[in-house]
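**Student:** One structure, pasted below without further comment.
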DNA sequence: CCGCCGATCCTCT
DNA sequence: GAGGATCGGCGGG
């Protein structure tokens with residue numbers, strides 16, 4: 001399983017509100033313990049324990065005090081590799097998606113950005129560790145239409161300072177749902193007294 | 001369209 | 001105690 005193979009696949013969440021499906025258009029690979037940008041780089045912790053488990057499980061994490069982001073674990077046990085789901089197009093349950101993101105008016109942008117994608121699918125803390133392969137009552141992964149190779153662009157990961165030279169972000173260049181690139185390592189300092 | 005900036009709290013040091 | 005795999009509102013061009 002490689003990150004780019006996830007492009008074009010449809011992740012469907014069965015929730016109490018109804019079904020929401022997202023066609024993945026942008027993903028990022030995190031290469032386990034060898035990757036300084038990975039949550040697993042410094043070894044297992046309570047938060048990242050799921051990453052060290054078998055492939056096919058969701059790993060969600062909380063960032064910036066308000067957002068959840070979702071990964072799919074891709075490596076063998078102990079490998080701790082995962083793919084961050086960065087953007088997609090809502091292809092099922094668009095009304096529900098809109099209700100979950102009232103601030104977003106345009107449908108193509110409903111699942112733009114990892115936190116927005118997780119919100120639309122209802123993925124938060126309780127989703128972490130769930131097995132996509134056996135949890136078919138809650139989730140399905142559909143094959144979808146493969147994205148042609150010449151439409152897939154690779155580049156540096158968004159907001160990541162470490163290992164910035166690694167082209168581990170993959171996106172469908174034909175999709176308007178792909179999030180904007182932003183370099184990592186941004187230093188935002190408050191100037192004392194000014 | 002683009003850039004700046006605050007919000008907000010969990011996690012690891 | 002610091003900082004983060006982010007988002008949306010606001011202001012300017």
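**Student:** Quickly work out the residue A:153-to-residue A:99 label distance, labels modelled 7 Å from Cα along the C-beta direction, and quote it in nm with one decimal.
**Tutor:** 3.6 nm
**Student:** Let me ask another. Using only helices, what value at 222 nm comes out for chain A when you add -39,500 (n - 2.57) per DSSP H run of length 4 or more and divide by the total residues, to the nearest 500 deg cm²/dmol?
**Tutor:** Result for chain A: -2000 deg cm²/dmol, rounded to the nearest 500.
**Student:** Here's something else I'd like to know. Of A:19, A:131, how do they rank once you tally other Cβ atoms within 10 Å and put the fewest first?
**Tutor:** So the ranking, lowest neighbour count to highest, is A:19, A:131.
**Student:** For the range A:89-139, what log10 I(q)/I(0) values come out of the Debye formula at q = 0.13, 0.25, 0.27 1/Å, with one point per alpha carbon and no solvent?
**Tutor:** The Debye formula, applied to the Cα set alone, gives -0.33, -0.95, -1.03.
**Student:** Right, here's the next one. Let me test this: with uniform point scatterers at the alpha carbons of chain A, what is the Debye-based log₁₀ I(q)/I(0) at q = 0.17, 0.19 1/Å?
**Tutor:** After summing over all Cα pairs, the log10 values are -1.13, -1.41.
**Student:** According to a simple spin-label model (label point 7 Å from Cα along Cα-to-Cβ), what is the distance in nm between residue A:5 and residue A:182?
**Tutor:** The two pseudo-label positions are separated by 3.2 nm.
**Student:** To check my understanding: the extent here is largest minus smallest coordinate of the Cα atoms along each principal axis. What are those three numbers for the range A:1-111, in Å, largest first?
**Tutor:** 40, 31, 24
**Student:** Also: With springs only between Cα atoms under 10 Å, which of A:111, A:99, A:46 fluctuates most in a Gaussian network model of chain A?
**Tutor:** Result for chain A, Cα springs under 10 Å: A:46 fluctuates most.
**Student:** Okay, moving on. Ordered by packing density, taken as the mean number of other Cβ atoms within 10 Å over each peptide's residues, highest first, how do A:134-143, A:76-85 rank?
**Tutor:** Highest to lowest by the protection proxy: A:76-85, A:134-143.
**Student:** Where does each of A:39, A:67 land when they are ranked from fewest to most other beta-carbon atoms within 10 angstrom?
**Tutor:** Starting with the residue having the fewest Cβ neighbours, the order is A:67, A:39.
**Student:** Take A:86, A:47 and order them by how many other Cβ atoms sit within 10 Å, fewest up front.
**Tutor:** With the fewest neighbours first, A:86, A:47 line up as A:47, A:86.
FYI, it's all coordinate maths here, none of it is from the lab. Not measured: the values here are computed from a predicted model. Using ideal geometry, Cβ is built from the backbone for each residue, glycine included, and neighbour counts are taken over all protein chains shown.
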